[in-house]
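Here the structure comes first, spelled out in structure tokens, and everything after it is commentary.
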Amino acid sequence: MKNTKPMRKLGRGLAIGAAALALAGTAAQARDLTVASFGGTFQDAQRELFFKPFAEQTGKPLLEESWDSGYGVLQAKVRAGQPNWDVVQVEAEELALGCADGIYEPLDWEKLGGQDSYIPGGASDCGAGHIVWSVAIGYDGNRITGEGPQGWADFWDTEKFPGKRAMRKTVKYALEAALMADGVEPAEVYDVLATPEGVDRAFAKLDELKPDLIWWEAGAQPLSMLQTGDVVMSSVYNGRITGLNRSEGTNLKVVWPQSMYAVDSWVILAGAENAEAGMDFIAFTQSPERLSRIPEFVAYGLPVIAAAEMVPDELAVDLPTHPANLEVAIPLDVDFWTDNSEELTERFNAWIAQ
Amino acid sequence: MNRLSRPRAFLLMSPLLLFLGLFFVWPLVSVIWQAVSDPAISRVLPRTAAEIGGWGGEGVPSDEVQAAFREDIVANTDDMAMGDVTRRLNSSQSGFRSLMGKTVREVRETPDIALIEIDDRWGETAFWKAIQDNASPYTDAFLLSALDLQRAGSGEIEAMPAGSSANRTIILRTLWISAIVTLCCLLIGLPYAMIAASVTGWKRAVMIAAVLLPLWTSLLVRTAAWMIILQESGIINQVLMGIGIISDPLVLIYNRAGVVIAMTHVLLPFMVLPIYSVLLTVPGNLMSAAASLGAHPVRAFLRVLLPLSLRGMISGMLLVFMSSIGYYITPALVGGASDQMISSVIAFYATQSANWSMAAALGLILLVLTLLLYALYNRLSRDPVPTR
């Protein structure tokens, strides 16, 4: 949870000052390979699976950071010259934007076994797909004991499932969900959204549910809302649900039909000091043997085909990339969102503020 | 002061001046600059920017303009600068992201390809209009759109279509929430500070520690604690339902009440401490003197103690108000959708969409509003404040 303190003028000034001093202090000595990921339980897993073993293998320390995603952060780092991170885990949109803007180094695909060894959408010139994760409906199996919701139409059905609902507070995922709730075929969601009428239709559908909606921003929030009963169902990150079920024995459920999946990738920031070591690090993490151990820690799917095949069945059923789950899900349309994110976010903020 | 000592005094002052310049003036100037400058297109597409001025805004621009546009794309070697152009254009007209990516690729391969063959969108007026609108290196578009305004085709300022932006609502809400929080802090902080100043020994130590301790805890932890206390199955609801005052849980979280409660708690020290320190300087026998002159305790309080603590109240109110207009994480965690404050919008532009100009413009508007309020406040509060 960085960047979330109150932004007082003085505080900001001091922060800039401190950063400037820190920069001046460290510029003289070489920085060790620095990897930034999204924190939480997944970064704990990455530490065990990749960070520590890689540092041991190379005999050099590996620094880790965590961040909350956001293209502006990376762009500012590269723009300032000499970014202080080398390898970063990014979301699909950041990958597409940054690759077009040239803020990432091109990857050496010979070291990674070629782009063909990845699922479609998992490999690009700048990014190597690391995990596949889903946004899906989640609910507490101890509270809804009968048949649970089967898709977004049930999410909107407050008579069948009385109670508040929570959704991620971004226009992305909210509009898709609304259209699917309104009866649009999952495969046609983005065709409909591409028209102004489709966007109006999605907002109109959101209007229906607005009185019963709570919005969340951090991925841990919906879990506690579901557990306390503040909401009856919520959009969730699938990995968090499975993780909580394993660690605390809860009975939270993921609804796979009409879930939406996206790929997180490793990138190397342009001009990074340890770009070469970064490339070796990426190749190290992406070897099928190592990558295939991720589901033991967090239920994320794997974009490397050979790695996905090595996951034992009892773990594979909880992954977004399991054939039964993948079949009923839709991929997030990154091109649509890079084009429309800003305009639709403004409208979403205006809508939500009313 | 003689001539010799002046440079010396200046030298002594220089660390302070340097500090002010580096951490106050320079960031402020760069924010203002960022909010009004729009150099991307005129810098990366100079030929296009020069040619497109002559286009009347009907249909699509002439072949010369289109040729200049292709030349500019071929001549540019800086992908990051082109990224700025794309981001800027996409911000005016959704769809430029994919369009520019495709166009740059194709034009680099075949420099004299007709643009319309690359994508049908080059036949639409709106896309060319976006280039024309942004060709000037300076713009008021960000400042206008921070206030939900835009320039019409004829150049006149007009309101944005309803429902497309809500910055004005959110700015007003930010000021409103801040005012309520300030008032709540004052209502709790003033009596608290008075009691703390009037007791002595361990009682005073405990009361001051109770104010200071939360200051040493992370803001996030304090906010999270309020989430636990306020939620539907939280302590407050359990107690109230346990003793039978209410039968259904009160909704205390994810709404305005939750935001005000949590922010009041977080900011209370900034109200208590200034009032407390002012009250400490008030001689303890003043109230008894007033009483001995026949004043009723209420009258003595209103005429003696309250005016004397006014300076502390004013600095406390300013501190609380100024801090709360920048609040971000507390409203996000304990507030509902209609309690979000302007910082969250600024954060979206800065960290998510990398639209620094829009973030700067919103920040600038907030700063100007605050300064205006401060000036107003200063004027209103000048007379009753005892000045020495």
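Compute the whole-percent fraction of alpha carbon pairs in region B:40-137 spaced more than 16 Å apart.
Values: 2382 of 4753 pairs.
When every Cα pair of region B:40-137 is considered, 50 percent fall beyond 16 Å.
Highest mean packing first, where packing is the average number of other Cβ atoms within 10 Å per residue, the peptides A:192-198, B:78-84 line up as B:78-84, A:192-198. Expressed as an acute angle from 0 to 90° and rounded to the nearest 10, what is the orientation of the C-alpha long axis of helix B:219-230 relative to the principal long axis of chain B? It is inclined by approximately 70 degrees.
Compare the peptides B:30-36, A:97-103 by average per-residue count of other Cβ atoms within 10 angstrom and give them in order, highest first. Display every interim value, and only then the final one.
Details: B:30-36: 16.3, A:97-103: 23.4.
Packing order, densest peptide first, comes out as A:97-103, B:30-36.
For B:TYR276, neighbours were defined as the other residues whose beta-carbon sits under 15 Å from its Cβ, and their charges (Lys and Arg +1, Asp and Glu -1) total +3.
Summarising the label geometry, the points placed 7 Å from Cα in the beta-carbon direction at B:VAL199 and B:LEU286 lie 2.2 nm from one another.
Computed from Cα positions, the angle between helix A:92-101 and the longest principal axis of chain A comes to roughly 50 degrees.
Dipole check for the protein assembly as shown: with +1 at the C-beta of Lys and Arg, -1 at the C-beta of Asp and Glu, and the Cα centre as origin, the magnitude is about 5700 Debye.
Derived scalar couplings between HN and Hα for region A:41-54 equal 5, 5, 5, 4, 5, 4, 4, 5, 7, 10, 4, 5, x, 5 Hz in order, rounded to whole Hz, by the Karplus curve 6.51 cos²θ - 1.76 cosθ + 1.60 (θ = phi - 60°), x for Gly and Pro. With q set to 0.10, 0.13 Å⁻¹, the log10 of I(q)/I(0) for chain B, from the Debye formula over equal scatterers at the Cα positions, is -0.88, -1.14.
Per the Debye formula on identical point scatterers at the alpha carbon atoms of the protein assembly as shown, with no solvent, log10 I(q)/I(0) at q = 0.05, 0.07, 0.11 Å⁻¹ is -0.30, -0.59, -1.36.
Compared with the dominant Cα axis of chain B, that is its longest principal axis, helix B:5-20 is turned about 70°.
If Lys and Arg each add +1 and Asp and Glu each add -1, what is the summed charge of the other residues whose beta carbon sits under 15 Å from the beta carbon of B:ILE195? Before the final figure, lay out each step's value.
Numbers: positive: B:LYS203, B:ARG204; negative: none.
My count for the surroundings of B:ILE195 gives +2.
By a straight-distance test (C-alpha under 17 Å), which lysines pair with A:LYS77 as possible cross-link partners, with residues fewer than eight away in the same chain excluded? Excluding near neighbours in sequence, the set is A:LYS2. Taken one residue at a time, the phi angles of region B:176-185 give Karplus couplings (6.51, -1.76, 1.60, θ = phi - 60°) of 5, 4, 4, 5, 5, 4, 4, 5, 4, 4 Hz. Gly and Pro are set to x. Potential lengthening of the chain between A:SER69 and A:GLU56 amounts to 1.9 nm, from the contour at 0.36 nm per residue minus the alpha-carbon distance.
Net charge within 12 Å of A:MET260 by Cβ-Cβ distance, Lys/Arg positive one each and Asp/Glu negative one each, not counting A:MET260 itself? Walk me through the numbers before you get to the answer.
Working: positive: A:ARG168, A:LYS172; negative: A:GLU176, A:ASP333.
Result for the neighbourhood of A:MET260: 0.
Approximating the spin labels as points 7 Å out from Cα along Cα→Cβ, the B:ALA209-to-B:ASP112 distance works out to 8.6 nm. In terms of surrounding Cβ atoms within a 10 Å radius of their Cβ, B:SER92, B:SER233, B:SER309 rank from fewest to most as B:SER233, B:SER92, B:SER309. Ranking of A:TRP266, A:TRP156 by neighbouring Cβ atoms within 10 Å, starting from the fewest: A:TRP156, A:TRP266.
Find the percent of Cα-Cα distances in region B:167-382 that exceed 30 Å, and round it to a whole number.
Numbers: 8354 of 23220 pairs.
Here the tail beyond 30 Å accounts for 36 percent of pairs.
In order along region B:143-155, the phi-based Karplus estimate (6.51 cos²θ - 1.76 cosθ + 1.60, θ = phi - 60°) of 3J(HN,Hα) comes to 5, 5, 6, 5, 10, 6, 10, 8, 8, 6, x, 7, x Hz; Gly and Pro are listed as x.
Protection proxy ranking for A:223-232, B:148-157, using the average of other Cβ atoms within 10 Å per residue and placing the highest first: A:223-232, B:148-157.
Laboratory data are not the source of any read-out in this text; all were calculated from the coordinates shown. A quick note: this is a predicted structure, and the numbers were derived from the prediction, not measured. We place every Cβ from the backbone using ideal geometry, glycine too, and count neighbours over all the protein chains shown.
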